[in-house]
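Worksheet: the structure to be examined is printed underneath.
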Amino acid sequence: MLRFGILSTAKIGRELVVPAIQDAENAVVTAIASRDLARARAMADRFSVPHAFGDYDAMLASDQIDAVYIPLPTAQHVEWSLRAARAGKHVLCEKPIALKADEIDALIEARDSEKVLISEAYMVTYSPVWRKVRDLLAEGAIGRLRHVQGAFTYFNRDPGNMRNIPSLGGGGLPDIGVYPTITTRFVTGAEPKRVQATTERDPEFGTDIYSSVRADFGGFELSFYISTQLAARQIMVFHGETGTIEVKSPFNADRYGREEVELTNQNHAESQLFRFQDARQYRRQVEAFARAAAGEAEEVVSLESSRANQAFIDAIYRASEKDGWETV
């Protein structure tokens, strides 16, 4: 059993990841850390976790954990991933693991020197939904892929929410823009060559709240929009010469609808609907991470892939400041 320590009492940990770890076959939470010991103890009691720490470094020094899960504000991800790795702990860090692609170089160096696993928590890449899409594309189910279309939006103007605070790494692209990019790269195995984009910022918060993106992958294009101030929507569609693949609730199925993939032929005369009753993508992520940490051959999100994805996001920001194409 891989013993996890949780670095903070953040909502995503409380509601999604800690329950997934406790439900996993090969992992368990043995410690919770918070800068407020009472908060750490309360969360530990909630999940029957034996150890609580009122100091992050104290937990990293503990021999009661083998790995850490980091759901801290985005701006702190690199710092605490490095501290955890240098303490000899494996690291599963919430996305985005960094705010600039070149910041990930230090994580790669730490991973290699400390001989630990560091992986960005893109739960979608462990979902049977997205693995089905990858298989369908590889099988040629829609012929030559020509276009991918996506959207991810929600509405949040809470000034106290980290997504609206620039100093904490807030903004739409770091929070949700990374999902159309990582999933497209994951299922196609291709990388973007150049991008065009427009981005709007909130005049009060200063964070990016809307982006419209067009990316050239060579053989196909990806176009998507994201927003933190629009009515909630998620969709991803893969359009080929002989059919389409539509992922109905691609990222957060529990909040946006059923986990379904629809394959439709060229003239919509035939279709197949693949339903996934409970993809449990967070549990699958934890179990795959634990196997990889144990040295087993397992597909996890590599830091090299994380760097490529962040380079894509970096290019979108640059493209938003100019007319025309920007090289990724």
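Among the residues making up the range 217-251, those that are small (G, A, S) and either closer than 16 Å to Y179 by Cα or within 16 Å of the chain's Cα centre (by Cα) (or both) are S223, S227, A232, S249.
Residues are listed down the side, and each one gets a yes or a no for (1) outside the structural domain of M162 (by TED's automatic domain parsing); (2) among the acidic types (D, E); (3) in contact with a strand residue (DSSP E or B) (Cβ under 7 Å, 6 or more places away or on another chain):
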residue	(1), (2), (3)
I209	no, no, yes
Q234	no, no, yes
E241	no, yes, yes
S249	no, no, yes
G257	no, no, no
S271	no, no, yes
E296	yes, yes, no
S305	yes, no, no
D314	no, yes, no
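Here A31 passes the criteria (1) touching a Pro at 6+ places or on another chain (Cβ under 9 Å); (2) assigned to a helix (DSSP H, G or I) except the one numbered (2). Being at pLDDT 95 or above, buried (at least 23 other Cβ atoms within 10 Å of the Cβ) and assigned to a helix (DSSP H, G or I) is a description that does not apply to I97. Every residue in the range 244-286 that is hydrophobic (A, V, I, L, M, F, W, C), part of a loop (DSSP other than H, G, I, E, B), surrounded by 13 or more Cβ atoms within 10 Å (Cβ to Cβ) and modelled with pLDDT under 90, please. Residue satisfying the conditions is A279 alone. Restricting attention to the range 78-91, the residues being surrounded by 24 or more Cβ atoms within 10 Å (Cβ to Cβ) and either touching a His at 6+ places or on another chain (Cβ under 8 Å) or over 19 Å from Y282 (Cα atoms) (or both) number 4. The set of residues from the range 227-280 being of a type in the set (G, A, S) and touching a residue at least 24 places away in the same chain (Cβ under 8 Å) comprises S227, A231, A232, G240, G243, A253, A279. Would you please name the residue that is farthest from F251 (Cα to Cα), looking only at residues in the range 100-125 that are part of a loop (DSSP other than H, G, I, E, B) and over 14 Å from the mean Cα position of the chain (by Cα)? Filtering first and then ranking leaves K115. Restricting the range 18-77 to residues that are in contact (Cβ under 8 Å) with a residue 40 or more places away in the chain and of a type in the set (S, T, Y) leaves a set whose member that is surrounded by the fewest Cβ atoms within 10 Å (Cβ to Cβ) is S62.
The values are calculated or read from the model by the stated rules, or taken from the named source; none is laboratory data. Bear in mind the structure is a predicted one, so any value in this text is a computation, not a measurement. Positions of Cβ are backbone-derived with ideal geometry, glycine not excepted, and every protein chain shown enters the neighbour counts.
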